[in-house]
Every structure is written in structure tokens, then in C-alpha cells.
Amino acid sequence: MTQVDIAGLTKRYGGTLALDGVALQARDGELVSLLGPSGCGKTTTLRCIAGFLTPDGGEIRVDGQDIVALPPQKRDFGVVFQNYALFPHLTVFQNVAYGLQVRRIAPAEQQKRVAEALALVRLTGLESRLPRALSGGQQQRVALARALVIRPRLLLLDEPLANLDARLRDEVRWLIREVQQQAGITAFYVTHDQAEAMALSDRVAVMKGGRVVQFATPREIYQRP
Ligand code: ADP
Ligand code: ADP
């Protein structure tokens, strides 16, 4: 059960006002896309939610609690970036288990949870491979497994398909949606691709100039003249 309520979020980089009062919500189990052109503030918003950036103003409530002062490791969110950022010298198993090791989960439980996460992303059997021996799509699925293995309260995805070719993009896109829905995880998904946002989301937050200018379901957005 994770609901998110963001209000009045502001963020400056020096003289640049990157976020100018971002407001949006996600209900339990919803996938909400942040859609808009380059520079509109999507990544900055996501990084504020993840805890990699501290906003200058506003609040980010997760199940009613303002998390702005919570460090990233206490937020228990799963994060997937466009460049998979796997550890190149670690195997698939070790990459996925990393977040569990850091949390000092017992080895037997690690084995069980990694197996579950790899099954979800359909990579069972590839535990011993190194990232370089995998396709881009497979690497991104490892990154997804690594985000899911900690059983996150929230899944944060920043252009996770950007580095994949068209065929793999389809495959990973539907896998993300399937896993997100099956697990019932509330998710934010950053993209500049309108078709992708429309196909994947429960609701779309259209951003422009550091603000959310439209927040509606894909159906409502299509029906608007
Ligand atoms: P998007 O993800 O929609 O492309 P960003 O959140 O990356 O947008 O950027 C929002 C604005 O903030 C842009 O004007 C961008 O140039 C600026 N910006 C982003 N990151 C930095 C940074 N580290 N330093 C200075 N300006 C930044
Ligand atoms: P995205 O497409 O995800 O917004 P960008 O390619 O715009 O990413 O930015 C890549 C990196 O450069 C990010 O870390 C972002 O914070 C930083 N960045 C973006 N705009 C600026 C800027 N105007 N000045 C300094 N850093 C920036």
C-alpha cells in the first residue's frame, strides 16, 4: 500500500529554476508517467523522490509521511536508470543480491529472494553470467530485478528503455508493466515518448517548464481536443 502526494516542489540549480511548484499524486498500485520535452524537470522530480536531490521547497508525502528529510537508503525505493549501471565485475546473481547484502539479509533468504526476482524478469538460469555477456534488454531486466529484490515501496524508472533498440524496447516495456501490476507496486516512470507514456500508464503528468501542466489518464488526454 503506497500512496504518494507531491505538492509545491521547487528546485534550483544556481540560476535555473528546474522545478517551479510540481504537484502530482500516485494512488496505490498506480503507474504514473512524467512526460515532457528535455529540460522540463522530469529527472529532477524523480531524483527528488529518490532522495538523490534535496528539493528547495515543497513536500513529498509517502503514505502521509513527508520523506524529504529521509536519506535514500531509508526510503526503500527501487530505482532503474537508462544506463543500467550494473556492476560490471559482479555476476547477475551478485548484482541482484547487492541490495540485500547491504541490508544484511541472511544468505538463505538472499538466495530465495534473488531467485524470485530473476523469475519475475524471466532471467532464471543466467545467475552466473557477467553483465557484458548479456544483451541490453537482459541487462535492463537485471536492473529491474535488482530494484524489485528489496521489495520496494515505490518503483522509480528514468527512461529505462532509452538505450534499447526498438525490438528490445517493446519486450522490456511490457515486462515492466506486467511486473509492476502483478506486484501491485506504485511506480513513477520518466519518458519523453508520448506513445510510450500513453501505452503504459494509469495516469500521465505532462510537464512543461518545471510544472505539471496536465494530469490525467491516457484516455482523458486523447479525448481532449
Ligand atoms: P528533464 O529530465 O525533463 O530533461 P531535468 O530535470 O534534467 O529535465 O532538467 C530540468 C532543468 O534543470 C533543465 O533546465 C536542466 O538544464 C537543468 N538542470 C538539470 N540538472 C542540472 C544540473 N546538475 N545543473 C544545472 N542545471 C541542471
Ligand atoms: P536527462 O535527459 O535524463 O534529463 P540530461 O542528458 O539532460 O539527462 O542530463 C545528464 C546529466 O547532466 C544529469 O546528471 C543532469 O543533472 C546534468 N545536467 C543537465 N542539464 C545540466 C546543466 N544545464 N548544467 C549542468 N548539468 C546538467
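The values are calculated or read from the model by the stated rules, or taken from the named source; none is laboratory data. In this text, all values refer to a predicted model and were calculated from it rather than measured experimentally. Note that we place each Cβ from the backbone using ideal geometry, even for glycine, and neighbour counts take in every protein chain shown. The accessibility values were calculated without ligands, DNA or RNA, using every heavy atom of the protein model including side chains. Shrake-Rupley method; radii C 1.70, N 1.55, O 1.52, S 1.80 Å.
Measure nothing but the geometry: give the 0 to 90° angle between the long axis through the Cα atoms of 107-120 and the longest principal axis through the Cα atoms of the chain, rounded to 10°.
60 degrees
What fraction of the DSSP beta bridges in the chain is antiparallel, stated in percent and rounded to the nearest 5?
55 percent
For the stretch 128-190 and the stretch 10-85, write down the distance between their C-alpha centroids in whole Å.
19 Å
At 1.4 Å probe size, with the rest of the protein present, what percent of the exposed accessible area of the stretch 75-115 is carbon and sulfur atoms?
57 percent
Within the stretch 74-100, which residues have the backbone N less than 13 Å from the label spot 7 Å out from Glu109 along Cα→beta-carbon, could you tell me?
100
Can you give the helix-only mean residue ellipticity at 222 nm for the chain, where every DSSP H stretch with n ≥ 4 adds -39500 (n - 2.57) and the sum goes over all residues, rounded to the nearest 500 deg cm²/dmol?
-11000 deg cm²/dmol
Quantify how much of the Cα-Cα distance distribution of the chain extends past 26 Å, in percent.
35 percent
Which whole-Hz couplings ³J(HN,Hα) result when phi for each residue of the stretch 34-42 is put into the Karplus expression 6.51 cos²θ - 1.76 cosθ + 1.60, θ = phi - 60°, listed in order with x for Gly and Pro?
3J(HN,Hα) across the stretch 34-42, in whole Hz: 9, 10, x, x, 3, x, 7, x, 4.
Students often forget the sequence filter, so: which lysines lie under 18 Å Cα-Cα from Lys11 once same-chain residues fewer than 8 apart are removed?
Lys42, Lys208
Give, as a single signed number, the net charge of other residues whose beta carbon lies under 12 Å from the beta carbon of Val80, with Lys and Arg counted +1 and Asp and Glu -1.
Result for the neighbourhood of Val80: 0.
Amide H neighbours of Thr217 under 5 Å, at least 5 residues apart or on other chains, H built in the peptide plane: list them.
Close amide H contacts, sequence-distant or interchain: Val204.
With a 1.4 Å probe and every protein chain left in place, work out the accessible area per residue of the stretch 49-95 in Å², rounded to a whole number.
Accessible area per residue: 51 Å².
Rounded to whole Å and sorted largest first, list the principal axis extents of the Cα atoms in the stretch 161-225.
Taking max minus min along each principal axis of the Cα atoms, the stretch 161-225 gives 31, 27, 24 Å.
Testing the spin-label approximation: label points 7 Å from Cα along Cα→Cβ at Gln223 and Ala133. State their distance in nm.
5.3 nm
Viscosity 1.567 mPa s, temperature 4 °C: what is the translational diffusion coefficient of the stretch 103-144 from Stokes-Einstein with a Kirkwood Rh over Cα pairs, rounded to a whole number of µm²/s?
Taking Rh from Cα pairs, D becomes 118 µm²/s.
Give me the Å³ per residue figure for the convex hull around the C-alpha atoms of the stretch 61-138.
Looking at the stretch 61-138, the number lands at 131 Å³ per residue.
Given +1 on the Cβ of Lys and Arg, -1 on the Cβ of Asp and Glu, and no further charges, what dipole in debye does the chain carry about its Cα centre, rounded to the nearest 20?
Using only the charged Cβ atoms, the result is roughly 360 debye.
Output needed for the stretch 94-167: three equivalent-ellipsoid semi-axes, defined as square roots of 5 times the C-alpha gyration tensor eigenvalues, in descending order, whole Å.
22, 15, 10
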